[in-house]
1. Within region 12-26, which residues are in a strand (DSSP E or B) and within 30 Å of Ala151 (Cβ to Cβ)?
2. Scan region 178-193 and tell me whether some residue there is out of contact with any helix residue (DSSP H, G or I) (no Cβ under 6 Å at 6 or more places or on another chain), more than 24 Å from Ala78 (Cα to Cα) and not acidic (Asp, Glu).
3. Yes or no: Val143 modelled with pLDDT of 90 or more, in the same structural domain as Leu212 (by the TED database) and in contact with a Pro (Cβ under 8 Å, 6 or more places away or on another chain)?
4. For Asp259, indicate whether it is acidic (Asp, Glu), surrounded by fewer than 17 Cβ atoms within 10 Å (Cβ to Cβ) and touching a residue at least 12 places away in the same chain (Cβ under 8 Å).
5. From the list Val223, Val240, Val188, which residue is of a type in the set (A, V, I, L, M, F, W, C) and in contact with a Phe, Trp or Tyr (Cβ under 6 Å, 6 or more places away or on another chain)?
6. With the requirement that a residue be assigned to a loop (DSSP other than H, G, I, E, B) and among the aliphatic types (A, V, I, L, M), what does region 122-153 give you?
7. Take the residues of region 220-247 that are without any contact (Cβ under 8 Å) to a residue 40 or more places away in the chain and within 18 Å of the chain's Cα centre (by Cα): which is nearest to Glu263 (Cα to Cα)?
8. Out of curiosity, is Val126 over 18 Å from Leu178 (Cα atoms), within 12 Å of the chain's Cα centre (by Cα), at pLDDT 95 or above and buried (at least 18 other Cβ atoms within 10 Å of the Cβ)?
Amino acid sequence: MEYLVLDVGGSAIKYALMNDELEMLEKGKVPTPKEGLEEFKQAVQSIYQKYQERVDGIAMSLPGLINKHTRLVQVPGALEYNLGVDILAELQSVTTNRLTIENDAKCAALCEVEYGSLKGTDVGAVCIIGSGIGGGVTIGDKVFTGTHGFAGEFSYLSTDWTKQVGFEAKWGFDSSALYLVASIAHAVGEDPKTFDGMKAFEYCNQGDERALTALKAYTDKLVMGLFNIQATVDPDKIAVGGGISQQPILHEYIQKSLDQIYEKMPIPIPRVQIVPCTYYNDSNLVGALANYKKTYNA
């Protein structure tokens with residue numbers, strides 16, 4: 001069977017035609033509409049119409065949090081126009097196949113525990129570095145969602161206890177990929193508005209000391225959150241994903257920064273293993289399909 005799988009992000013909707021073997025037969029992406037819900041529905045419908053005659057179902061990864069009981073979006077993430085919306089019903093109005101929707105980072109966690117770097121772990125965690133820090137906790141082969149589905153929303157971890165409110169005091173602000181890219185841009189004298197992740201890591205991989213200093217400052221902040229996750233759930237592994245997770249130098253610097261924390265501890269504690277997500281930036285797509293297959297026993 002073939003499925004249309006969509007990974008909705010703040011800037012783009014990635015989509016793939018996938019089969020039961022997790023092969024991506026076709027891939028593409030379109031900009032995520034900023035205007036409102038109707039434009040978002042039209043974008044999804046346009047993608048769906050390309051594959052309508054071929055697919056047996058639709059699986060979606062979506063930012064934000066959907067209430068399990070009311071089906072309403074109660075935390076919209078990057079798509080504020082989804083707040084209070086029964087998004088499943090809205091999208092089913094423009095499609096005819098069965099449809100599942102799950103939080104994007106929970107999809108990544110399901111992907112990694114089913115098929116990737118967390119397979120076989122007793123306890124695991126996933127951190128997806130993007131416009132914020134998406135996350136998920138796995139226990140056995142299941143994703144732990146918590147009472148309200150809010151478990152693993154690592155972006156909201158506090159990193160500055162002197163500030164009581166404001167997202168600038170949260171882990172999702174100063175450990176996001178956007179923050180890293182902007183930091184490296186400033187360090188090397190580039191305009192952050194025209195600078196991207198590829199350029200940032202070009203500087204790092206070329207050994208530019210300014211860029212590497214900015215990268216180290218970033219990973220020093222990033223690992224504080226990883227360490228807090230370790231202290232909270234004691235995972236076998238923490239899998240790091242997102243587009244920048246494909247850069248080996250990032251993992252090298254994460255390990256350096258984490259080792260420094262352990263070395264400064266006055267008592268010995270277990271050391272968590274930090275690994276890249278097996279499916280890197282495709283974890284959300286694979287996890288969305290896994291969620292569909294679990295939902296419908298496909």
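The values are calculated or read from the model by the stated rules, or taken from the named source; none is laboratory data. Source: prediction; values computed, not measured. No Cβ is skipped: glycine too gets one built from the backbone with ideal geometry, and neighbour counts run over all protein chains shown.
1. Ala12, Ile13, Lys14, Tyr15, Ala16, Met18, Met24
2. Yes: one or more hits.
3. No; evaluated as a whole, the condition is false for this residue.
4. Spelling it out, it is not the case that Asp259 is acidic (Asp, Glu), surrounded by fewer than 17 Cβ atoms within 10 Å (Cβ to Cβ) and touching a residue at least 12 places away in the same chain (Cβ under 8 Å).
5. Testing whether each residue is of a type in the set (A, V, I, L, M, F, W, C) and in contact with a Phe, Trp or Tyr (Cβ under 6 Å, 6 or more places away or on another chain) leaves just Val188.
6. Selection gives Ala151 alone.
7. Here the answer is Val223.
8. The answer is yes for Val126.
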